[in-house]
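Derivation of every value follows stated rules applied to the coordinates shown; laboratory data play no part. For clarity, every value in this text was computed on a predicted model and none was experimentally measured. When we count neighbours, we look across all protein chains shown, and the Cβ atoms used for this are built from the backbone with ideal geometry, even at glycine.
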Amino acid sequence: MNPKPIRILFVDDEIKLHALIGEMLEELPVTMFYALTGEQGMSMVRMLPEFAIILSDHNMGQGTTGVVFF
């Protein structure tokens, strides 16, 4: 029986890191969601509030920090 995938939100303005994180976790039963800004991340949390894990960069470069996002 396959376990239900957990939802992970990764918020970072570096697209290369999105691909890297996805590759690192591809063997695990997870569904990845990605956001480039804190605002995009908040929109995703509002639409899908059942994230098991949320990872965020601290300095996203567009005036938003991980602290502000959280």
Helix 15-25 axis, angle to the chain major axis (alpha carbon atoms, nearest 10°): 30
Packing rank of 8-15, 46-53, where each peptide gets the mean count of other beta carbons within 10 Å, highest leading: 8-15, 46-53
Anisotropy class of the chain from Cα gyration tensor, a/c 1.5 cut: oblate
Among LEU17, MET60, PRO29 the positive-end extreme of the charge dipole of the chain (Cβ point charges): PRO29
